[in-house]
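Structure first, then comments.
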């Protein structure tokens with residue numbers, strides 16, 4: 001198992017003291033597979049990714065649980081030890097390609113810095129290796145791009161550079177945090193296909209952080225639905241999307257735009273989207289029972305005071321719901 005997260009609790013700051021941001025999270029990710037972590041903004045997806053990388057912001061900390069990468073416990077490592085593993089054993093494609101790159105360093109220098117830090121190749125070969133990687137991800141004129149600055153790249157090109165920096169040391173785990181954010185539909189498809197190709201070549205495990213269920217359906221083998229820091233449903237992607245067992249999962253699917261043909265489309269009438277009423281409760285204000293209780297159209301009395309445990313809904317498919 002490349003990544004094994006067990007019963008993870010993460011706390012963060014609030015006006016009344018530390019509060020739980022992520023609760024009892026368990027994930028398992030084998031090699032050469034992709035797990036998509038989906039949910040609305042504020043559900044704890046990015047904080048989970050940052051905790052795995054050892055990059056939690058000030059005031060956030062892991063209070064209990066286990067995070068293992070290739071069998072090695074990460075929560076016990078020092079900052080220096082984590083720094084040695086970032087980029088080499090695990091890497092992250094950050095959410096904002098427009099701001100994730102250093103604007104005053106050439107793209108080539110930023111890539112070679114990773115190569116040399118983790119001793120992927122000798123200094124005399126770093127330039128050629130970086131240029132080859134830029135060509136591998138589909139950038140035209142890679143020799144020219146090597147000496148260019150980030151502001152000379154489009155959003156999609158910058159995201160490809162981020163992919164290069166993530167794969168150049170052949171990590172076991174790649175975390176892709178909203179890798180298609182702020183990109184047009186054509187470029188989004190290209191980035192997803194690129195990630196698929198890179199995975200097939202390297203055998204890396206990918207943790208995809210997204211709120212885009214279409215992206216998850218294209219790339220992910222398994223799907224975990226996170227809400228207010230807790231897992232609502234998890235299972236094979238096809239099973240979760242075709243037979244959603246939790247009301248929150250069904251709400252997410254109902255709020256996704258779909259291509260519809262027929263009389264309504266011909267008349268120019270847009271399809272109706274079923275929005276989920278209300279908002280994700282912030283940490284410290286979550287219900288005692290099911291976190292989705294206040295927004296659930298099928299809530300029972302038990303949901304208010306008791307937290308449901310995961311129940312099997314099929315092979316490797318579970319949902320935390322009394323119904």
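The values are calculated or read from the model by the stated rules, or taken from the named source; none is laboratory data. Small disclaimer: the values here were computed from a predicted structure and weren't measured. Cβ coordinates were reconstructed from backbone atoms using ideal geometry, including for glycine residues, and neighbour counts include every protein chain displayed.
For the range 301-323, give me each residue that is in a helix (DSSP H, G or I) and surrounded by fewer than 19 Cβ atoms within 10 Å (Cβ to Cβ). 301, 302, 304, 305, listed by residue number.
Working only within the range 115-124, note down all residues that are part of a helix (DSSP H, G or I), touching a helix residue (DSSP H, G or I) at 6+ places or on another chain (Cβ under 8 Å) and surrounded by fewer than 21 Cβ atoms within 10 Å (Cβ to Cβ).
Step one: of the range 115-124, the residues part of a helix (DSSP H, G or I) are 115-117, 123-124.
Remaining after also requiring touching a helix residue (DSSP H, G or I) at 6+ places or on another chain (Cβ under 8 Å): 115-116, 123.
Within the range 115-124, 116, 123 meet the criteria.
In the condition set (1) over 29 Å from residue 187 (Cβ atoms); (2) surrounded by fewer than 16 Cβ atoms within 10 Å (Cβ to Cβ), residue 62 is compliant with all but (2). Of the residues in the range 257-273, none is more than 18 Å from residue 317 (Cα to Cα) and modelled with pLDDT of 95 or more.
Looking at 37, 69 in this structure, which one is under 30 Å from residue 183 (Cα atoms) and surrounded by 16 or more Cβ atoms within 10 Å (Cβ to Cβ)?
The unique qualifying residue is 37.
For the range 141-164, name all the residues that are surrounded by 19 or more Cβ atoms within 10 Å (Cβ to Cβ) and assigned to a loop (DSSP other than H, G, I, E, B). Within the range 141-164, just 153 meets the criteria.
Would you check if residue 239 is on the phi < 0 side of the Ramachandran plot, in contact with a helix residue (DSSP H, G or I) (Cβ under 6 Å, 6 or more places away or on another chain), assigned to a helix (DSSP H, G or I) and at pLDDT 95 or above? Don't jump to the end; show me each part of the working.
Numbers: on the phi < 0 side of the Ramachandran plot: yes; in contact with a helix residue (DSSP H, G or I) (Cβ under 6 Å, 6 or more places away or on another chain): no; assigned to a helix (DSSP H, G or I): yes; at pLDDT 95 or above: yes.
No.
I'd like to check which helices (runs of 4 or more DSSP H) are fully inside the range 1-105 and have at least 1 residues that are over 26 Å from residue 295 (Cβ atoms) and over 16 Å from the mean Cα position of the chain (by Cα).
Values: elements: 45-53, 79-85, 97-100.
Fully inside the range 1-105 and qualifying: 79-85, 97-100.
Any residue at all in the range 95-111 that is touching a strand residue (DSSP E or B) at 6+ places or on another chain (Cβ under 6 Å), under 30 Å from residue 7 (Cβ atoms) and either modelled with pLDDT under 95 or exposed (fewer than 13 other Cβ atoms within 10 Å of the Cβ) (or both)? The answer is yes; a qualifying residue exists. Inside the range 19-34, residues that are farther than 18 Å from residue 233 by Cβ and crowded, with 21+ Cβ neighbours inside 10 Å make up a count of 1.
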